[in-house]
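Worksheet: the structure to be examined is printed underneath.
The values are calculated or read from the model by the stated rules, or taken from the named source; none is laboratory data. Source: prediction; values computed, not measured. Ideal geometry is used to build each Cβ from the backbone, glycine not excepted, and the neighbour counts take in all protein chains shown. Quick note on the areas: whole protein, heavy atoms, side chains included, nothing else; ligands and nucleic acids left out. Shrake-Rupley method; radii C 1.70, N 1.55, O 1.52, S 1.80 Å.
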Amino acid sequence: MTWWNRLLRRRKMEDQLSRELDFHLAELTADLISQGHSAAEARRRARIELGGPTQVKEDCRDARGTRWAEDFLQDVRYAVRTLRQKPGFAAIALLSLALGTGATTVMFTVIDGVLLKPFAYRDPAGLVELQEQTDWRTPQGNIWSFTNPNYQDCKHVVRSLDMAAWSVHRGTVSGSGTAEYVTGLDMSAELLPLLGVNVAIGRAFLPEDDRLGADPVALVSDSLWQRRFGASSQAIGSKLIFDGTAYTVIGVTPASFRLADDSFDVFTPVGQSTAPRLQNRGAHGFGVWARLRPGATLAQAQTELAVVGRGLAEQYPKTNQGRSFLAKPLKPDVGDLSSTLWMLLGAVSLVLLIACANLASLLLARAVSRERELAMRVALGAGRGRLVRQCLTESAVLAFAGGMLGTVLAAVGIRPFAFFWPGGLPRVQEVQLNWQVLLFALGVSLASGLLFGLAPALRAPARHLEQTLRASARTVTGGGRRLHAVFVAAEIALAVVLLVSAGLLGRTMLRLSALDPGVDVHNVLTARTALSPATLADPDRTRAAWQYLMEQARRVPGVQAIALVDTVPMREGSNEITYTLTVPDPANRDRQPSVLANCVTPDYLKVTGIPLRRGRFLTLDDRKGTQSVAVIDDVMAAQAFPGEDPIGRHVRIGIAPDPVTVVGVVGHVRQYGLAADDRASTRAQLYYPFAQVPDEYVRRWSELLSIAVRTGIDPLNLVEPLRQQVRGATGDQVLYEVNTFEQLASASLARQRFLLLLFGIFAALALLLATIGIYGVLAYLTSQRVPEIGVRMALGATAPSVMWLVLRQSLLMILAGVTLGTAAAWVATRSLVRLVEGVREAEPSTFAVMISLLVIAALGASLIPAQRASRVDPVKALRQD
């Protein structure tokens with residue numbers, strides 16, 4: 001039999017072993033009787049010859065090879081009985097571990113799904129992302145999306161890659177039913193096969209669909225299929241009007257399909273588009289993904305792309321000089337979220353470490369009280385390794401149970417955590433419990449058990465057994481006290497880190513909430529606006545549509561002022577452009593200053609409440625054919641015209657054919673939000689009139705168009721009246737992404753608020769655990785020193801002096817922990833400054849307040865054991881031993 005079968009059948013084998021020993025004993029006894037010995041003498045001699053039954057059985061068990069497993073099961077049963085005997089200790093320990101491991105498991109689950117898990121495409125390791133790179137930098141950096149001509153050249157020359165391109169195409173779906181604005185995707189026919197994605201219903205694009213002149217066809221998402229077609233199979237072959245073009249629906253994509261982390265509703269072949277940008281080698285905006293062909297390597301692909309880049313730079317120096325192509329493995333791009341998630345994992349790990357230190361201290365106290373029991377086991381033959389294994393098994397059982405409970409808490413808490421993540425958690429569909437997460441939870445549990453069980457296990461006595469057996473159960477050696485002090489100091493130090501971090505985030509929230517956003521956030525409604533596709537072909541019709549939109553919106557009761565704007569303050573999106581005060585030098589384009597350019601209509605100040613500092617704002621006279629004008633903010637005035645009057649000065653910007661004249665200066669607006677504005681690389685702002693936008697930019701600016709409305713009532717009450725009023729004659733003008741300024745200002749601090757909540761919870765748990773830890777240690781140490789305290793009081797010590805004796809011991813541990821924690825907290829706060837927008841270096845007052853809170857709580861916990869010690873009856877104390 002295998003050892004596993006021997007282990008499972010050990011009861012039966014024990015019975016067989018007993019019967020076999022009885023048989024041999026009986027046979028040997030019978031032989032001895034036959035030799036003339038008496039029955040009693042024969043049994044005595046037989047037992048001597050066979051050996052003691054217990055020893056023989058032990059030797060036989062060792063020969064089975066399952067002794068270690070049997071000992072382990074025995075240790076587990078003993079550990080379970082021990083926990084059942086002290087349910088209070090077990091409950092506190094399990095809850096502490098469950099909170100620590102549960103929070104840690106939640107964070108690892110999120111990190112695994114958001115950062116570590118590859119895309120759910122066929123063979124994701126073979127996918128490659130291609131980008132363009134320039135030798136110079138602009139406000140947008142030097143990494144660019146592809147242009148269609150560059151993509152076509154790379155596709156036809158590079159032999160190591162199969163490529164596919166795509167471009168985001170937003171527009172209005174109209175026709176039957178209410179018009180709605182959706183996000184579409186122009187893509188090459190190779191994209192879905194490249195990713196290994198099959199349509200759920202119908203068929204995918206064919207190569208003949210992806211060319212000029214082909215019949216307009218489209219795929220729709222599962223969501224749009226259900227919304228507009230009622231999930232009917234009759235949708236295949238029906239017509240869908242998207243952005244003014246009628247498409248035949250040929251298929252439905254799977255409900256789970258996303259391109260990276262983005263979902264789309266309408267998919268069209270990019271090769272059918274007649275947009276001029278497809279022929280423009282300077283028009284970026286195409287994503288390019290590729291798959292390595294069999295036998296090809298990434299280095300080989302990069303070499304081929306470099307050759308193509310050099311050739312295009314020579315052939316098209318105006319657009320491709322200094323431009324190359326990059327190939328890198330396709331991985332999820334979550335921006336700065338990665339550092340935030342790792343930071344939170346570190347924070348919850350501190351809570352887990354505090355819980356481990358707390359349990360280590362409590363288990364050490366139990367180990368001290370069990371020293372005579374363990375010494376007795378050694379005296380009876382148990383080796384030191386056997387005792388250590390028993391103690392570690394007890395810790396492992398506790399840790400495993402706490403870990404399993406923590407995993408249950410994690411399973412319950414993952415969805416709420418992801419739901420409340422500000423702005424939505426990227427790749428949230430990938431955040432789920434799986435075998436990697438369960439393996440992590442098991443590893444954390446066992447590591448925790450080793451961490452808090454190692455010190456008690458190593459205290460298992462192996463020498464001086466006689467002294468240990470004779471010693472009082474209340475004897476605590478100096479080494480034991482020092483080890484207790486180390487654990488408490490560690491808890492205090494870790495708690496200081498979390499408390500100071502929470503205090504820093506709290507001060508940051510108070511400071512940011514008090515900042516002036518630069519606009520009057522009350523009673524202002526903003527919404528992106530999709531104009532009727534029929535008006536976008538002609539710039540003059542588009543300008544008329546702008547004016548019609550404002551006129552219609554003014555008719556809504558409650559509207560006090562309305563303006564058009566392309567970039568709304570504190571909302572995602574910005575238009576960073578470079579400017580010069582002289583004729584621009586192409587050789588210095590990477591050293592030109594940048595400015596946030598906002599296109600607005602004259603009533604923009606009335607709507608937003610931005611203060612006018614000097615000169616005038618834009619008026620109705622600033623229209624096409626007149627002098628190009630602009631208004632700048634005081635940041636740009638100080639940057640471009642330090643110590644000078646900017647009124648009447650000229651600025652050259654790329655989106656205006658002629659230099660613009662500065663006619664006014666306004667206050668600065670925190671365009672990036674309350675937290676991010678101070679750290680932004682470009683803060684200067686410039687406003688120019690919608691009426692002077694060049695014809696070639698009219699369509700693009702219409703795609704960026706938003707309205708901003710100041711109201712006399714609750715802005716959200718005007719959402720539906722505005723939508724109905726601005727639908728247009730054809731009913732295909734849509735308002736979407738509706739927000740108030742108050743919502744945008746609040747959302748700009750959402751991450752800081754969320755982190756403050758999490759760190760506040762972590763700090764509260766750390767404070768609670770540290771307080772419980774110091775109370776438990778002092779209470780235990782004090783109870784062990786009762787005879788000593790009795791002697792002191794018998795010799796004349798007063799109650800205050802006894803209290804000071806205990807509090808002094810507590811103060812030493814607190815002081816050591818605070819000293820170490822302050823140094824660690826200083827490092828942690830500097831990390832917060834780098835990772836969290838709006839956070840400044842911690843002031844001494846933050847350290848003082850949070851450390852004082854911890855010291856007061858710790859001393860409060862120490863006061864109870866100290867008072868108990870001061871009331872010891874010396875006579876009873878001396879009689880206890």
Normalised Cα Rg of segment 665-808, dividing by 2.2 N^0.38 Å with N its residue count, works out at 2.24
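Please report the net charge: other residues with Cβ closer than 15 Å to the Cβ of Val698, K and R +1, D and E -1. Let's see the in-between values first.
Numbers: positive: Arg277, Arg541, Arg543, Arg623, Lys624, Arg699, Arg700; negative: Asp538, Asp540, Asp566, Asp695, Glu696, Glu703.
It works out to a net charge of +1.
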With R₀ set to 51 angstrom, the calculated FRET efficiency between the beta-carbons of Ala794 and Trp826, to the nearest 0.05, is 0.60
extent check for segment 99-182: Cα max minus min per principal axis, descending, whole Å, gives 56, 46, 35
Dividing the helical contributions, -39500 (n - 2.57) per DSSP H run of n ≥ 4, by the residues of the chain yields a 222 nm value, nearest 500 deg cm²/dmol, of -17000 deg cm²/dmol
So the compactness index of the chain, its C-alpha Rg divided by 2.2 N^0.38 Å, takes the value 1.31
Taking a label point 7 Å from the Cα of Glu696 along Cα-to-Cβ, the residues of segment 561-584 whose backbone nitrogen sits under 20 Å from it are 575-580, 583-584
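Mind checking which helices in the chain clear 20 Å along their axis (Cα) and have mean Kyte-Doolittle hydropathy of -1.0 or more, DSSP H runs only?
On the way: long enough: 10-34 (35 Å, -0.62); 67-85 (27 Å, -0.84); 87-111 (35 Å, 1.71); 298-315 (26 Å, 0.19); 337-369 (48 Å, 1.82); 384-420 (51 Å, 0.97); 435-458 (33 Å, 1.78); 478-513 (52 Å, 1.18); 539-554 (23 Å, -1.31); 750-784 (51 Å, 1.51); 799-835 (51 Å, 1.21); 844-870 (37 Å, 1.37).
Going by DSSP H runs, the hits are 10-34, 67-85, 87-111, 298-315, 337-369, 384-420, 435-458, 478-513, 750-784, 799-835, 844-870.
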Between the residues Ala637, Leu305, Leu330, the Cα farthest towards the positive end of the dipole of the chain, that dipole coming from +1 and -1 charges on the beta-carbon of Lys, Arg, Asp and Glu, is from Leu330
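Just the number please: accessible area per residue for segment 496-575, 1.4 Å probe, all protein chains included, in Å².
Working: 2990 Å² over 80 residues.
Each residue of segment 496-575 exposes 37 Å² on average to a 1.4 Å probe.
Could you work out what % of the accessible surface of the chain is carbon and sulfur, using a 1.4 angstrom probe and leaving DNA, RNA and ligands out of the count?
Numbers: 23670 of 40910 Å².
In the chain, the share of accessible area belonging to carbon and sulfur is 58 percent.
Around Ile241, with a cut-off of 12 angstrom between Cβ atoms, what is the net charge of the other residues, counting Lys and Arg +1 and Asp and Glu -1? Kindly include the intermediate steps, with their values, before the conclusion.
Numbers: positive: Arg228, Lys239; negative: Glu180, Asp243, Asp732.
Spelling it out: positives minus negatives among the neighbours equals -1.
Given Cβ point charges of +1 (Lys, Arg) and -1 (Asp, Glu) and nothing else, what value in debye, to the nearest 20, does the dipole of the chain about its Cα centre take? Kindly include the intermediate steps, with their values, before the conclusion.
Working: 92 positive and 77 negative charges, 743 e Å.
Roughly 3560 debye, rounded to the nearest 20.
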The alpha-carbon center of segment 799-871 and that of segment 26-43 are separated, in whole Å, by 78 Å
Magnitude of the Cβ-charge dipole (Lys and Arg +1, Asp and Glu -1) of segment 514-623 about the Cα centre, nearest 20 debye, reported as 220 debye
Quick numbers on segment 226-337, Rg and Dmax over C-alpha atoms in Å, give 19.3, 54
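Ranked from the most accessible area to the least, with a 1.4 Å probe and all protein chains present, what is the order of Leu744, Leu409? Write out the running numbers ahead of the final one.
Working: Leu744 15, Leu409 80 Å².
So, going from the largest accessible area down, we get Leu409, Leu744.
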Between Asp135 and Val719, the two model label points (7 Å from Cα along the beta-carbon direction) sit apart by a distance in nm of 5.2 nm
Total charge of the residues flanking Ile562 in space, meaning their Cβ is under 13 Å from its Cβ, with Lys and Arg +1 and Asp and Glu -1, is +2
accessible surface per residue for segment 628-705, probe 1.4 Å, DNA/RNA/ligands not counted, whole Å² -> 36 Å²
Inter-part gap, Cα centre of segment 331-358 to Cα centre of segment 610-652, in whole angstrom, is 47 Å
Ranked output for segments 313-319, 543-549, 491-497, 107-113 by mean other Cβ atoms within 10 Å, highest leading, reads 491-497, 107-113, 543-549, 313-319
Shape call for segment 678-738, from the Cα gyration tensor axes a ≥ b ≥ c (a/c under 1.5 means rounded, otherwise prolate when a/b beats b/c, else oblate), comes out oblate
Expressed per residue, the solvent accessible area of segment 132-259 in Å² (1.4 Å probe) is about 43 Å²
Restricting to lysines and to Cα separations under 16 Å from Lys12, and discarding same-chain partners fewer than 8 apart, the set is Lys57
tail above 19 Å in the computed P(r) of segment 499-573, as % of all Cα-Cα pairs, reads 58 percent
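Sorting check: for 75-87, 796-808, which peptide has the highest mean count of neighbouring beta carbons within 10 Å, and how do the rest follow? The partial results should precede the final answer.
Details: 75-87: 13.7, 796-808: 15.2.
Top to bottom by mean Cβ count within 10 Å: 796-808, 75-87.
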